[in-house]
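J.: One structure, as structure tokens, below. Some questions next.
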Amino acid sequence: MNILSYKGYTARIDFDERDDILVGRLLGIQDIVSFHADSITGLRSAFEEAVDDYLETCEKIGKQPEKSYSGKLMLRVPPNVHAHAAMMAEAHGKSLNQWATEVLGSAR
């Protein structure tokens with residue numbers, strides 16, 4: 001996956017074949033923040049500028065900038081999946097939270 005990160009914000013990068021440019025959009029927030037460029041170097045600069053502009057704009061209008069994620073994740077899974085995950089965590093000598101964090105962190 002093509003992503004960039006800056007100041008705690010992450011953006012997904014796509015190629016717009018019609019306009020022959022790279023396009024990015026911040027992930028994990030409701031506000032729409034996007035940017036584009038025709039080179040990787042330009043894209044990184046445009047991304048950082050977009051994040052900085054978003055933060056400055058929020059400050060100017062007195063709005064709290066959205067944060068992408070809190071770190072709290074609540075899932076509803078079937079009981080057999082829950083049981084299997086708990087057993088795997090125990091088998092690895094970890095809490096379910098520790099084990100799930102490692103498993104989710106290794107997902108790409």
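Laboratory data are not the source of any read-out in this text; all were calculated from the coordinates shown. All of these numbers come straight from a predicted model, not from anything done at the bench. With ideal geometry, Cβ positions are generated from the backbone for all residues, glycine too; neighbour counts draw on all protein chains shown.
J.: For region 20-41, give me each residue that is without any contact (Cβ under 8 Å) to a residue 12 or more places away in the chain and either in a loop (DSSP other than H, G, I, E, B) or surrounded by 13 or more Cβ atoms within 10 Å (Cβ to Cβ) (or both). Break it down into steps so the answer makes sense when it comes.
T.: We begin by selecting, within region 20-41, every residue without any contact (Cβ under 8 Å) to a residue 12 or more places away in the chain; these are 32, 41.
Residue satisfying the conditions is 32 alone.
J.: Can you say whether residue 101 is part of a helix (DSSP H, G or I) and loosely packed, with under 10 Cβ neighbours inside 10 Å, as far as the supplied structure shows?
T.: For residue 101, the condition - part of a helix (DSSP H, G or I) and loosely packed, with under 10 Cβ neighbours inside 10 Å - is not met.
J.: Additional query: Can you tell me which residue within region 42-81, out of those that are farther than 18 Å from residue 7 by Cα and not in a helix (DSSP H, G or I), is farthest from the chain's Cα centre (by Cα)?
T.: Filtering first and then ranking leaves 78.
J.: Does residue 21 count as in contact with a His (Cβ under 9 Å, 6 or more places away or on another chain) and more than 26 Å from residue 105 (Cβ to Cβ)?
T.: Yes; evaluated as a whole, the condition is true for this residue.
J.: Out of the residues in region 1-19 meeting the condition of being farther than 12 Å from residue 46 by Cβ and part of a strand (DSSP E or B), tell me which one is nearest to the chain's Cα centre (by Cα).
T.: In this case the residue turns out to be 10.
J.: Could you please find all residues in region 1-19 being aromatic (Phe, Trp, Tyr) and in contact (Cβ under 8 Å) with a residue 40 or more places away in the chain?
T.: Those that are aromatic (Phe, Trp, Tyr) and in contact (Cβ under 8 Å) with a residue 40 or more places away in the chain: 6, 9.
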